[in-house]
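Computed from the coordinates by the stated procedures, all read-outs in this text should not be read as laboratory data. Everything numeric in this text was worked out from a predicted model, so none of it was measured. Cβ placement follows ideal geometry from the backbone for every residue including glycine, while neighbour counts extend to all protein chains displayed.
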């Protein structure tokens, strides 16, 4: 069975830096489990690792798609599983790194989620009409009535995911949260170690705010303007990511720049909270608290020792 290391956790917790240092230590290569870094021309808002930050470690699923293309769990699992096989055959260790928990779970436990299942164009059109005319809160209450567990991890403003969950229930009469739980209980597809990096909530929020400020200084507005000039709109999945949708609202004249920046920070905090909630469901996860290991090198050494004990290294 192929071996895989996973480094997950909330946004801005420092996963990428840890992954690069660990890869150098154990002869690994990195596969991104990020729903935004896969897109070309979307560098600042996605906090994409720079060439310098990769430290020469090969990275996959970064800059592989046009922002006009759709990236979903099926595309991710297909591509990521191919890279895992390739890296293992080279005698190296694949390190899957990112914060998109749904993708990671589907990869580890097998993706039996059929993207077409639950799709009903008429029903979807009706849900979209409700969202447009009555607002996302109405859809969210509809979902809460049939699948409250999904409401714990899906934000009410993520209309696309709310609609998908309602569509799934409409066709199968089964909450999508139950489906995901059953998938989680499947035998794992890989021999893996699953690390989740966390931190004190206040420190994490401070790190998020600083990162957003850094994005603004680096030219996030110009990046989003370039994407808009390319013809991308809020209808494109790539533009629905945090950092892009808020700045696009500013460029469309719906908010001030200060309001947009504030919304990026608040939405990032909310997202981090949902990520932590999601990963807490994974019984196989090994949690590492940065409050206890403030030095990144200590975290990497801890991981490397556990990986060696599991027999993943060639030493």
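Odds and ends about this structure:
- With neighbours defined as other Cβ atoms within 10 Å of a residue's Cβ, the residues 79, 283 order from fewest to most as 283, 79.
- Relative to the longest principal axis of the Cα atoms of the chain, helix 159-172 runs at roughly 90 degrees.
- The chain - percent relative contact order, Cα under 8 Å, separation 6 or more: 27 percent
- Principal-axis tilt of helix 73-89 within the chain, Cα atoms, nearest 10 degrees: 10 degrees
- Each Cα pair under 8 Å and six or more residues apart adds its sequence gap; the mean of these over the residue count of segment 121-179 is a relative contact order of 31 percent.
- Using just its DSSP H runs of length 4 or more, each adding -39500 (n - 2.57), the chain gives a mean residue ellipticity at 222 nm of -16500 deg cm²/dmol after division by all residues.
- Segment 121-179: C-alpha gyration tensor shape, a/c 1.5 cut-off, then a/b vs b/c: oblate
- Whole-angstrom gap from segment 78-94 to segment 288-315, using each part's C-alpha centre: 21 Å
- Segment 173-238-segment 48-65 distance, computed between alpha-carbon centres (Å): 17 Å
- Between the helical axis of 257-279 and the longest alpha-carbon principal axis of the chain there is an angle of about 60 degrees.
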